[in-house]
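For reference, the structure is listed below as structure tokens.
Throughout, read-outs are computed from the coordinates displayed, never taken from laboratory work. The structure presented is a predicted model; accordingly, all values stated were derived computationally and were not measured. Glycine gets a Cβ as well: all are built from the backbone with ideal geometry, and neighbour counts include every protein chain shown.
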Amino acid sequence: MSEEKKMDMKEAVAGQVETVTKRVSGKNWKLQKTPTHRAQMSKKLRQTWEQRSEERKKKETIKKLERQMKDDKQADKDRKREITLERKKIKEEKERLEQLAAKMSAKRLQRRRKRDAKRRAKV
């Protein structure tokens, strides 16, 4: 009799649960948590050590391939960046030399004019 009262009281407070997957609280929109220990999982969900190690190996090879592809892409990007920087340096050096040549030719012309002016003054 007391057991029946306890069952009825639980049902009255929490409600009757039809299956194991339904929630007593009625918050069916929340995600169902899975057990953390393998022994607590149902046999259908359990995997053997070999299966898990196989999956781990597959994931590792995929990650390795992704890393390699990413590194190749980054190396290509760095190579292109180096080429553009080199071109920019060459262009700047060329401009600097042109400016220097223009400045030197201007000085040369000024010296020549000075000499011509001195020659005219003597004559």
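Cross-link reach is defined here as a Cα-Cα straight distance under 29 Å, omitting same-chain residues fewer than 8 places apart; for Lys63 the lysines meeting it are Lys33, Lys44, Lys73, Lys77, Lys80. Approximating the spin labels as points 7 Å out from Cα along Cα→Cβ, the Ala106-to-Ala121 distance works out to 2.4 nm. Here the stretch 52-123 is assigned +1 on the Cβ of each Lys and Arg and -1 on the Cβ of each Asp and Glu. Its dipole about the Cα centre then comes out at about 1100 debye.
With a Förster radius of 35 Å, plug the Cβ-Cβ distance of Asp71 and Arg46 into 1/(1 + (r/R0)^6) and report the FRET value to the nearest 0.05. So, using R0 = 35 Å, E works out to roughly 0.40.
Taking K and R as +1 and D and E as -1, what net charge do the other residues with C-beta under 12 Å from the C-beta of Thr48 add up to? Every neighbour counted, the sum reads +1.
Applying the Karplus relation 6.51 cos²θ - 1.76 cosθ + 1.60 with θ = phi - 60° to the stretch 70-86 yields 3J(HN,Hα) values of 5, 5, 4, 4, 5, 5, 4, 4, 5, 4, 4, 4, 4, 4, 5, 5, 4 Hz, where x marks Gly and Pro.
Note on the stretch 52-123: dipole from Cβ charges, positive end direction compared against Thr61, Ile90, Leu100; the farthest Cα belongs to Leu100. Restricting the calculation to Cα atoms, the stretch 52-123 yields a radius of gyration followed by a Dmax of 31.0, 106 Å. All other residues whose Cβ lies under 13 angstrom from that of Glu93 are scored, Lys and Arg at +1 and Asp and Glu at -1, for a net of +2.
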